[in-house]
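The structure appears right after this line, and notes come after that.
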Amino acid sequence: MTGSLIAEVERERPPLVAAPPLPFAVAFDPRDEELVLGKWRSILRSQRWSDGDHTREFEALWSEMTGLEAVAFNNWAGGALAVLDYIGVAGERVLSPSNTFLATPRSAMQSGAEVIFYDCNRADLCGAFDDFVAKAERHRPKAAWIVHVGGHIAFDVERIAAYCRETGIRLIEDCAHAHGAHWNGRRAGAFGEAGVYSFYPTKTISTGEGGMVVTRDPEMARHLRSFRDYGRGSGYRIASMNHRIDEFTAALGVVQTRRLADIVAWKNRYARDVLDPQHPNRVRLPEGMISGLYKYIVFDPIERSTGKVYEQPCHRLLKADCDLPNTDWVAKNHWCVPLYYPAEGAGRAGDTRK
Ligand SMILES: Cc1ncc(COP(=O)(O)O)c(C=O)c1O
């Protein structure tokens, strides 16, 4: 759903009034329980527990939503390793922001690359164009990660993507937080060569474990399908292991993906009606951007915070020899206000959903 559509639908509804904080809940709508159980029952009775119609449908939904090819994995990590293998980063340098989960730089290290960290902006907590260019010119990386931290799109992604196209750097988006996010109609994952999503239980939608790669490059998509299955289909030329998703997980993914627009719309409505008036000093989005609101990030300490997106930046965790002042500033100066899709479903938090 585009931003203006969300706004149109939401304008019809009365404002939410519930007092924060919302308790943690895996984003799953109880209205979907029977649907999931029905799909699982049919899989149980089928002779197809992996690599079947639910995997295809899960991928088709992501393809339709992003306008890109979509390949499902058993988690983010499998998808990330597959993309890095396709690009061929072994023995090369890869840029990564430091304000991210360790998974981002570690995927490049596991793929045999040297990681160079670049700084973030204070306003969006995501990779900063100026330091990206400075590090790229100094270290000549083959590839780079950009991370959409917190569920909005990295504010500098367009400038960074344009620079990467000019200089031949292969840009990959870590979309682990960015389900449902878009900017002027473009989804996370559509700015670089590929975007990698996670369906871990804390995420905007979850399948327990799971991942999805989106890419506009059909040759990359073929490589990813082969990579996730020991190189099958490539005459085993692609040297990899098993990163397949099973049919039970994929079926849950189908249901969750169909619910994603509701979840994102509800979170945006709750943010606008309940949280925004209380938190003027927060991440503020540019025109035309809709966040999936994986996190609601503020720059003032608050009483009942869920903590930081990341307590310690990766360059500190890995004791990398570099100076990233904005990343250090962000680590000290942001907090997350609880914002979870209500597990109880309709009726809670002043919700009028049917
Ligand atoms: C930014 C980021 N990248 C990657 C991951 C890894 O995802 P997964 O646990 O599905 O491998 C996560 C969290 O789970 C994350 O927050």
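Derivation of every value follows stated rules applied to the coordinates shown; laboratory data play no part. Predicted, not measured: the structure shown is a model, and the values here were computed from it. Neighbour counts run over all protein chains shown; Cβ positions are idealised from the backbone, glycine included.
Among Leu84, Ser98, Val330, pick out the residue whose Cα is farthest towards the positive end of the charge dipole of the chain, where Lys and Arg carry +1 and Asp and Glu carry -1 on C-beta, about the Cα centre.
Checking the options against the dipole of the chain, the answer is Leu84.
Charges at C-beta only: +1 for Lys and Arg, -1 for Asp and Glu. How large is the resulting dipole of region 3-350 about its Cα centre, in Debye rounded to 20?
Dipole size: approximately 360 debye.
Quick query: amide H of Ser50 versus all other amide H atoms, modeled in the peptide plane; which residues come in under 5 Å with a sequence gap of 5 or more or a different chain?
Glu247
Students often forget the sequence filter, so: which lysines lie under 22 Å Cα-Cα from Lys319 once same-chain residues fewer than 8 apart are removed?
Those lysines meeting the cut-off are Lys135, Lys308, Lys332.
Is region 172-223 rounded, prolate or oblate when judged by the Cα gyration tensor, a ≥ b ≥ c being the square roots of its eigenvalues, rounded requiring a/c under 1.5 and prolate requiring a/b larger than b/c?
Here region 172-223 falls in the oblate category.
Can you give the Kirkwood hydrodynamic radius for region 3-350, in Å, rounded to one decimal and based on Cα pairs?
One over the average 1/r among Cα pairs gives 20.6 Å for region 3-350.
Just going by the charge dipole of region 159-296, with Lys and Arg at +1 and Asp and Glu at -1 on Cβ, which of Val255, Thr167, Met241 is farthest out on the positive end?
Farthest towards the positive end: Thr167.
How big is the charge dipole of region 252-349 about its Cα centre, in debye rounded to the nearest 20, if each Lys and Arg gets +1 on its Cβ and each Asp and Glu gets -1 on its Cβ?
Here the size comes out at about 280 debye.
Once you have all Cα-Cα distances for region 142-213, histogram them in 5 Å bins from zero and send the whole-percent values.
P(r) for region 142-213, in whole percents per bin: 4, 18, 29, 23, 14, 8, 3, 1.
Per residue, how big is the convex hull of region 205-264 when only Cα atoms are used? Give it in Å³.
So the per-residue hull volume is 91 Å³.
Answer with one residue from Thr204, Gly185, Gln278: the one whose Cα lies farthest towards the positive end of the charge dipole of the chain, charges on Cβ with Lys, Arg +1 and Asp, Glu -1.
Value computed over the given set: Thr204.
Whole number please: convex hull volume per residue, Cα atoms of region 102-171, in Å³.
For region 102-171, the hull spanned by Cα atoms encloses 84 Å³ per residue.
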